[in-house]
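Asker: Take this structure, written in structure tokens, and hold onto it; I'll ask about it next.
The values are calculated or read from the model by the stated rules, or taken from the named source; none is laboratory data. Quick caveat, the model's predicted, so the values are computed rather than measured. Cβ sites come from the backbone with ideal geometry, for glycine too, and all protein chains shown count toward neighbours. These area figures cover heavy atoms from the full protein model, side chains too; ligands, DNA and RNA do not enter into them. Shrake-Rupley method; radii C 1.70, N 1.55, O 1.52, S 1.80 Å.
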Amino acid sequence: MSPQLMNIFYQSHAGSWFFTLLFFGVSYFMLTKQNMKAQKITHMILRLFFVIMVVSGIGMLVGYQFSLVFVIKGILAIALIGLMEMILVRTKKGKEAGKLWIPFIIVLVLVLLLGFNVISF
Ligand code: HEM
């Protein structure tokens with residue numbers, strides 16, 4: 001893969017992960033405030049960021065020739081996206097979602113540590 005394309009994937013990923021978490025936080029906060037219109041909009045933007053993260057993440061995986069540590073990070077990150085979606089949708093439907101916060105925190109910490117190469121092997 002050309003260094004320029006790899007750089008595009010890396011910059012989009014590095015520039016989007018914080019906003020992904022931010023829109024998840026705001027979307028959840030809007031749920032607790034019962035502001036359903038703002039919740040719907042922020043949830044839609046969050047889903048757009050999911051797409052950016054997955055596309056740029058897979059792009060980098062190809063560039064790194066599927067190195068094991070980043071494949072594991074990618075799988076955990078996709079689980080993280082699933083957890084965010086489940087927390088929002090279950091809470092919106094009034095279903096029990098409290099237990100999902102523990103795996104969410106654990107997987108989030110792992111994804112960040114792997115992403116920033118704190119954990120590497
Ligand atoms: C919500 C989902 C995700 C979050 C919060 C996240 C977070 C991060 C963070 C914080 C970094 C480090 C960025 C930096 O150096 O500034 C990173 C890098 C990376 N992520 Fe993700 N990511 C997510 C999704 C994905 C997915 C779905 C994949 C692959 C399928 C992926 C693959 C990678 C790879 C390959 C790197 C490169 C690490 C490096 O070059 O050191 N990520 N991610």
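Asker: Please arrange ARG47, ARG90 by accessible surface area, largest first, computed with a 1.4 Å probe and ligands excluded.
Answerer: Greatest to least solvent exposure: ARG47, ARG90.
Asker: Student exercise: in the chain, how many lysine pairs 8 or more apart or on different chains have Cα atoms under 25 Å apart?
Answerer: 12
Asker: Further, regarding this structure: Ranked by accessible surface with a 1.4 Å probe, highest first, in what order do MET30, MET86 come? Don't skip to the end; give the middle numbers.
Answerer: On the way: MET30 40, MET86 90 Å².
Result of the area sort, largest leading: MET86, MET30.
Asker: How large is the helix-only mean residue ellipticity at 222 nm for the chain, computed as the sum of -39500 (n - 2.57) over DSSP H runs with n ≥ 4, divided by its residue count, in deg cm²/dmol to the nearest 500?
Answerer: Mean residue ellipticity at 222 nm (helix-derived): -28500 deg cm²/dmol.
Asker: Probe of 1.4 angstrom, ligands and nucleic acids ignored: what's the accessible area per residue over the range 20-121, in square angstrom?
Answerer: Here the per-residue accessible area is 60 Å².
Asker: Heavy atoms only, 1.4 Å probe, whole protein assembly: order SER12, SER120 by accessible area, highest first.
Answerer: SER120, SER12
Asker: Under the rule a/c < 1.5 gives rounded, and otherwise a/b versus b/c splits prolate from oblate, where does the range 47-121 land using the Cα gyration tensor?
Answerer: Judged from the Cα gyration tensor, the range 47-121 comes out oblate (a/c at least 1.5, b/c at or above a/b).
Asker: Run through the range 1-107 and list the chymotrypsin sites (Phe, Trp or Tyr not before Pro) located in a DSSP loop whose Cβ has at most 16 other Cβ atoms within 10 Å.
Answerer: Counting only loop positions with at most 16 other Cβ atoms within 10 Å, the chymotrypsin sites (Phe, Trp or Tyr not before Pro) in the range 1-107 are TYR64, PHE66.
Asker: Computed on alpha carbon atoms, what radius of gyration and Dmax characterise the range 1-92, expressed in Å?
Answerer: Spelled out, the Cα radius of gyration and Dmax of the range 1-92 are 14.8, 47 Å.
Asker: Mind listing the phi-derived Karplus ³J(HN,Hα) values for the range 73-82, rounded to whole Hz, using 6.51, -1.76 and 1.60 with θ = phi - 60°, and x for any glycine or proline?
Answerer: Taking θ as phi minus 60°, the curve returns 4, x, 5, 4, 5, 5, 4, 4, 4, x Hz for the range 73-82.
Asker: Something else now. So how exposed is LEU76, as accessible area in Å² (1.4 Å probe, rounded to 10)?
Answerer: 40 Å²
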